[in-house]
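The values are calculated or read from the model by the stated rules, or taken from the named source; none is laboratory data. It should be emphasised that the depicted structure is a prediction, and the values quoted were computed from it without experimental measurement. Quick reminder, even Gly has a Cβ in these numbers, built from the backbone with ideal geometry, and neighbours come from all protein chains shown.
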Amino acid sequence: MPTIAVDQISKRFGQQIAVDNASFSVESGEIFALLGPNGAGKTTTIRIILDIFKPDSGTISVMGGPMTETKKDRIGYLPEERGLYQDVQLDRSLIYLATLKGLSAVEAARRVDAMLRRFDLYDDRKKKIKELSKGMQQKAQLIVTLIHDPELVIIDEPFSSLDPVNTQMVKDLLREERDKGKCIIMCTHQMHQVEELADRLVLINQGRVMLYGGLKEIRRSYSGQEVHVHALNDLPANLPGVQSVQKNNSDISLHLEPGASPQAVLQNLVERGVQLEKFEIAMPTLDEIFIQVVTEGGSQG
């Protein structure tokens, strides 16, 4: 049974359709990316999952059924809008927020101490939140999200304001949580982070699901319109199925016509005596797929 099952949910605010018949599921032990351009309906979808908003139609199952107050204590949520108490000391703020998730004061203090050390914030524990840099505040928010060892983690732009060292630390932490069997939903505009971390994804645009499935399968489904070759002799001037040719250092990129088969292009090159050291179907980046889906309105899977 999936940890989260979203079944044909829709939500309208006045004349604006925020979510339009969206369906997807998220399993335990995976990092699931929820993607889309600004205003696509991602935040509304998260708020419906968390029972902040009620859908106009459709159903949501979280950890086996409807959301309850007890289940909320098993969820860690990092919203894009930060909400720490600015005039309170860091350690006091974190301990207080941990007790709101059901931890005793003693256990909260123990876990906060360990997390502050791991996040390299221990020496700053007596500073007020407002005295911390944006990156430090981001790490503090992540501690609040994870301190109670939640089963379901929902994080919106987790790498905001983080330098490369801290970004890597957070990525390692998210992988650890996934490997413990946690269910992690990640919203971000940083597609390279999704390529590194996500097992599966859903891309929402104008409230509708445009892409859904495994990251590798999605990238493979959009491949095939460009190949990279390295030839020991010149390529023929006209190649059937090739729309344009671009030289890149020692390699040549062949941009194929819509519907053209890379295998047919390869066979044609071989038959015409081209000696190839390399013939590789280019895998598009998630950035390229995102742009294509959002601008063209196409869908796969």
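When you go through K42, K72, K101, K54 one by one, which is the residue that is more than 29 Å from T295 (Cα to Cα) and either within 23 Å of the chain's Cα centre (by Cα) or not assigned by TED's automatic domain parsing to the domain that holds K130 (or both)?
Sole residue among the options that is more than 29 Å from T295 (Cα to Cα) and either within 23 Å of the chain's Cα centre (by Cα) or not assigned by TED's automatic domain parsing to the domain that holds K130 (or both): K72.
Could you check segment 92-107 and list, in sequence order, the residues that are among the small types (G, A, S) and either surrounded by 15 or more Cβ atoms within 10 Å (Cβ to Cβ) or over 21 Å from K126 (Cβ atoms) (or both)? Full working, then the answer.
Let us first name the residues in segment 92-107 that are among the small types (G, A, S), namely 93, 98, 102, 104-105.
Matches in segment 92-107: S93, A98, G102, S104.
How many residues are touching a residue at least 60 places away in the same chain (Cβ under 8 Å), of a type outside the set (K, R) and surrounded by 16 or more Cβ atoms within 10 Å (Cβ to Cβ) when one looks only at segment 213-263? Please lay out each step first, then the result.
Taking segment 213-263 first, the residues touching a residue at least 60 places away in the same chain (Cβ under 8 Å) are 213, 215, 217-223.
When the remaining residues are screened for being of a type outside the set (K, R), the result is 213, 215, 217-218, 221-223.
Now drop any that are not surrounded by 16 or more Cβ atoms within 10 Å (Cβ to Cβ), which leaves 215, 218, 222.
Number of matching residues: 3.
Taking segment 21-46, which residues are surrounded by fewer than 18 Cβ atoms within 10 Å (Cβ to Cβ) and either modelled with pLDDT under 95 or in contact with an Asp or Glu (Cβ under 7 Å, 6 or more places away or on another chain) (or both)?
Selection gives S23, P37, N38, G39.
Taking helices (runs of 4 or more DSSP H) that do not extend beyond segment 176-284, which have at least 1 residues that are among the hydrophobic types (A, V, I, L, M, F, W, C) and under 30 Å from L50 (Cα atoms)?
191-197, 215-221
Do any helices (runs of 4 or more DSSP H) lying entirely in segment 63-125 carry at least 2 residues that are out of contact with any Gly (no Cβ under 6 Å at 6 or more places or on another chain) and touching a residue at least 40 places away in the same chain (Cβ under 8 Å), and which ones are they?
90-99
Would you mention how many residues in segment 211-243 are β-branched (V, I, T) and over 18 Å from V274 (Cα atoms)?
So the count comes out to 1.
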